[in-house]
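Here's the structure we're looking at; comments come further down.
What follows draws every value from the coordinates through simple rules; no lab data is involved. No experiment lies behind these values; they were computed from the predicted model shown.
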């Protein structure tokens, strides 16, 4: 299986030599990702994500942290 993101980028001179093998599949959307295009949090058991799904997750976590901060008594 090849990395979906590497496969979509045009290579130099139209070649496909730059396409890397996938190391896993995104837990959220299911595309194959190489080591360069994968994201995994440091916690054990965290899911493997593609860059776009990881960006969405980080945004959600930031919003959640901000909401918890607003709920804390001053």
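Numerical summary
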{"item": "Gained length - residue 27 relative to residue 62, 0.36 nm times residue gap less alpha-carbon distance", "result": "10.6 nm"}
{"item": "Net lengthening on full extension, residue 40/residue 20 (0.36 nm per residue, minus Cα-Cα)", "result": "5.4 nm"}
{"item": "Estimated [θ] at 222 nm from DSSP helical runs (n ≥ 4, -39500 (n - 2.57)) normalised by residues in the chain, nearest 500", "result": "-11000 deg cm²/dmol"}
{"item": "Cα long-axis angle, helix 51-71 against the chain (0 to 90 degrees, to the nearest 10)", "result": "0 degrees"}
